[in-house]
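To keep things clear, I will list the structure first and then write my remarks on it.
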């Protein structure tokens, strides 16, 4: 399976999507655990605020172990420039996590092509560029891990997830294929599938979100997953296990059940 990480001290971690939500919480948690963390996102000032927030608490040395690398994930030249800067500074990376994401609730009668294209670009295409940057370096090093934050929405079709769900399903499939190629070569591949997490993206939802987690809880659950060797890290399990079970139902049972649950 995957190499386990129990001690994050001095680990070189690149987080793409670290300005808010799970990504920001991961940056805070990893810096507090002694990791060297490169933070990337479009909002440079917000990235600096994340680092400053950690440095002002009980980890004053965090600023010395952080590297702020603003970039736009959907712009290949911007993303590659951030990666090149990271390599120049650190010479490599131990863990690279793609946490960036975009979400717009959408139904069949509300198709917005611009919003749909944005979700495709952020949730999947940019993840491919991320992998194209990182994987050759991991293979050259002969060690390291790459991970992607997808979603349980990628398990199967869901209401209001007309575009978001398929982009996450594609990311799940991509991570599975990467694992098949890279695990025999000693490179770890992680797939992180959260349930509902309170972020600016889920704030767009107008329905009840069962088992809602804070970003801090999600970050801790993600890091706990790295202490094991599993491919998929999913949480909270009281919710994700139900969705996994539903995903195995035949369509004649799945469709009416999901409709009834969505109407609650």
Looking at (1) out of contact with any strand residue (DSSP E or B) (no Cβ under 6 Å at 6 or more places or on another chain); (2) in a helix (DSSP H, G or I); (3) touching a residue at least 40 places away in the same chain (Cβ under 8 Å), which is the only condition residue 169 fails? (3)
Could you count how many residues in region 61-81 are assigned to a helix (DSSP H, G or I) and either over 18 Å from the mean Cα position of the chain (by Cα) or under 13 Å from residue 51 (Cα atoms) (or both)? 10
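Each row is one residue, and each column tells you yes or no for (1) over 18 Å from residue 95 (Cα atoms); (2) under 19 Å from the mean Cα position of the chain (by Cα); (3) assigned to a strand (DSSP E or B).
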site: 191; (1), (2), (3): no, yes, yes
site: 200; (1), (2), (3): yes, yes, no
site: 246; (1), (2), (3): yes, no, no
site: 252; (1), (2), (3): yes, no, no
Just give me the residues in region 87-98 being in contact with a helix residue (DSSP H, G or I) (Cβ under 9 Å, 6 or more places away or on another chain) and in a helix (DSSP H, G or I), in sequence order. 87
Residue pairs within 8 Å by beta carbon, gap of at least six or interchain, first lying in region 203-216 and closer than 10 Å to residue 160 by Cβ, second not in a loop (DSSP other than H, G, I, E, B), listed first then second, are 207/262
Residues satisfying the stated conditions in region 205-242, i.e. part of a helix (DSSP H, G or I) and surrounded by fewer than 17 Cβ atoms within 10 Å (Cβ to Cβ): 216, 220, 224, 237, 238, 241, 242
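Results for (1) over 22 Å from residue 134 (Cβ atoms); (2) crowded, with 24+ Cβ neighbours inside 10 Å, shown as yes or no for each residue.
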residue	(1), (2)
9	no, no
18	no, yes
24	no, yes
41	no, yes
52	yes, no
Taking residue 57, is it surrounded by fewer than 15 Cβ atoms within 10 Å (Cβ to Cβ), farther than 30 Å from residue 157 by Cβ and at pLDDT 95 or above? no
I'd like the full set of residues that are touching a helix residue (DSSP H, G or I) at 6+ places or on another chain (Cβ under 8 Å) and over 16 Å from residue 120 (Cα atoms), limited to region 158-187. 158, 159, 178, 182, 185, 187
Restricting attention to region 134-151, and to residues there that are crowded, with 23+ Cβ neighbours inside 10 Å and touching a helix residue (DSSP H, G or I) at 6+ places or on another chain (Cβ under 7 Å), which single residue is farthest from residue 259 (Cα to Cα)? 144
Considering residues that are out of contact with any strand residue (DSSP E or B) (no Cβ under 6 Å at 6 or more places or on another chain) and touching a residue at least 40 places away in the same chain (Cβ under 8 Å), the number found within region 237-264 is 10
Does residue 208 satisfy being over 15 Å from the mean Cα position of the chain (by Cα) and more than 30 Å from residue 1 (Cα to Cα)? yes
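The values are calculated or read from the model by the stated rules, or taken from the named source; none is laboratory data. Since this is a predicted model, take the numbers as computed values, not measurements. A quick note on method: Cβ atoms are made from the backbone with ideal geometry, for glycine too, and the neighbour counts reach across all protein chains shown.
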